[in-house]
Amino acid sequence: MALMPVTDSMFLFVESREHPMHVGGLQLFQTPDGADADYLRGLREDMLKKSEVKSLFRRRPAKPVNSAGYLAWAADEDVDLDYHFRHSALPQPGRVRELLELTSRWHSTLLDRHRPLWEIHLVEGLRDGRFAVYSKIHHALMDGVSALRHLQSTLSPDPHDLDCPPQWGSRTPAREKPARDPRSLLKLARGSLSQVAGLAPAAAKVANEAFREHTLTLPMQAPKTMLNVPIGGARRFAAQSWPLSRVRSIATATGTSRNDVVLAMCSGALRDYLIEQRALPDEPLVAMVPVSMRKQNTADAGGNQIGAVLCNLGTHKSDPADRLATIHRSMRDAKRIFSQLTPVQALLLSGINVAQLGISTVPGVVSNTRPPFNLVISNVPGPRQQMYWNGAKLDGIYPASVLLDGQALNITLTSNGDNLDFGITGCRRSVPHLQRLLTHLDTALAELEHAATQ
């Protein structure tokens, strides 16, 4: 057995039927030229023959220690791949609508803790001839960034490469990690202690920015909205792609970042959606924006290494240019503060930003307090070129994320070659007509394009 980091065990500890704690994703593929009716059945059979399973995909929680929760991982020596890798077909007429409805149901169900915490669904029956793969893995094993990076490692830029591994496999053989030198552990401990010792001046810096300079958005400054309510376990999922070139052109014309423009798209869509629901607050919505704390050379790592900054979305402003300027200032100031902190200090500040979520399941907390923020908007880097999986062309990668009490909506997107692929996850009970947000995102992008040319 291997000890489980506290950050990972917390995702298991807080999980309930209303709060499934897995991250997922829907991928769309074009079948290769010449593929016959048995193509997907043959593809699945070929993948099942690749029985080499990465150690991360063998992990399941060891027995819990009384009320302390799960403290260690056990490893399955014989993973039942036929259970974890499933073949399904869409009901007629096989539209994307049916695919998203099926994805919504799969994303609503808990993973079996007696088995390794992942599932992959191979889906046929789309009337346009494409096929889909929906995969999910517990957040205790991987955060969204590492899950997407792992997916990319199984793809190829070569359409003729027919040796791509399944998602539970790897292109490179597993290597044993060398035992850590006790001296390096001592050095690491000393370094962490010195960073913790610097928390007081770091806290003073953050307080000065927040209360004197008014340049930093703090938790619990967000207004109460229809999105910040206790949630049920059922989910809705919506997805769509937009050309990256449109976002890049706006960013260039306005002197902002592409992520600023994406946040402004979301801000405009949320404003229009809440107006439609007669629920727009007078105060601006606040988004939690995850930032990766992972080093660039750890693309194949699991675990959770995510920080969090808060962004003023400016939803109280009707002018899209004003909203973009507000977002740009808010993100610039937050990133500046983070850049002046050590990694440990940055993680602790992130912890403060999301700390209230830890008690969101306590009865009455969500209903009687202001939310720490209104929703999560996450922009995860994806493949920069056209990718293929055993000859099948990748058309889209649509992330599906985690919801919590008080956080009924999540917007996660990823770059995919020339496109930005948006995945929107919502509580089925609390967020009506979720697909309307896609229409509002398209409108918001067009409004930003118009504003950028003025």
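The values are calculated or read from the model by the stated rules, or taken from the named source; none is laboratory data. On a predicted model such as this, the values are computed, not experimentally measured, just so you know. Quick reminder, even Gly has a Cβ in these numbers, built from the backbone with ideal geometry, and neighbours come from all protein chains shown. Ligands, DNA and RNA are excluded from the accessible area calculation, which covers all protein heavy atoms including side chains. Shrake-Rupley method; radii C 1.70, N 1.55, O 1.52, S 1.80 Å.
Within region 148-165, restricting attention to residues that are outside any loop (DSSP other than H, G, I, E, B) and open to solvent by less than 30 Å² (accessible area, probe 1.4 Å), which residue is farthest from residue 410 (Cα to Cα)?
Of everything passing the filter in region 148-165, 156 is farthest from residue 410 (Cα to Cα).
Any idea which of 88, 9 is under 30 Å from residue 413 (Cα atoms), in contact (Cβ under 8 Å) with a residue 60 or more places away in the chain and open to solvent by less than 50 Å² (accessible area, probe 1.4 Å)?
9
Only residues in region 266-284 that are farther than 24 Å from residue 242 by Cα count as the first member; pair them with residues that are modelled with pLDDT under 95 and of a type in the set (Gly, Ala, Ser), Cβ under 8 angstrom, at least 6 apart or cross-chain, and list the lot.
Sorted first by the residue in region 266-284, then by its partner, the pairs are 283/222.
Yes/no matrix, rows are residues, columns are (1) under 20 Å from residue 380 (Cα atoms); (2) modelled with pLDDT of 95 or more; (3) under 21 Å from the mean Cα position of the chain (by Cα); (4) surrounded by fewer than 20 Cβ atoms within 10 Å (Cβ to Cβ):
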position: 213; (1), (2), (3), (4): no, no, no, yes
position: 239; (1), (2), (3), (4): yes, yes, yes, no
position: 243; (1), (2), (3), (4): yes, yes, yes, yes
position: 252; (1), (2), (3), (4): no, yes, no, yes
position: 255; (1), (2), (3), (4): no, yes, no, yes
position: 274; (1), (2), (3), (4): no, yes, no, yes
position: 286; (1), (2), (3), (4): yes, yes, yes, no
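Mind checking which pairs have a first residue in region 25-46 that is in contact (Cβ under 8 Å) with a residue 24 or more places away in the chain and a second that is in a helix (DSSP H, G or I) and open to solvent by 40 Å² or more (accessible area, probe 1.4 Å), Cβ under 9 Å, 6 or more apart or different chains?
28/96; 31/39; 32/39
Only one residue in 341, 438, 348 is open to solvent by 10 Å² or more (accessible area, probe 1.4 Å), part of a loop (DSSP other than H, G, I, E, B) and either closer than 30 Å to residue 97 by Cβ or at pLDDT below 90 (or both). Which one?
Unique residue meeting the criteria: 341.
Which residue pairs have Cβ atoms under 8 Å apart, sit 6 or more places apart or on different chains, and have a first residue in region 91-111 that is farther than 22 Å from residue 20 by Cβ and open to solvent by 40 Å² or more (accessible area, probe 1.4 Å) and a second that is of a type in the set (Lys, Arg) and part of a loop (DSSP other than H, G, I, E, B)?
93/127; 95/127
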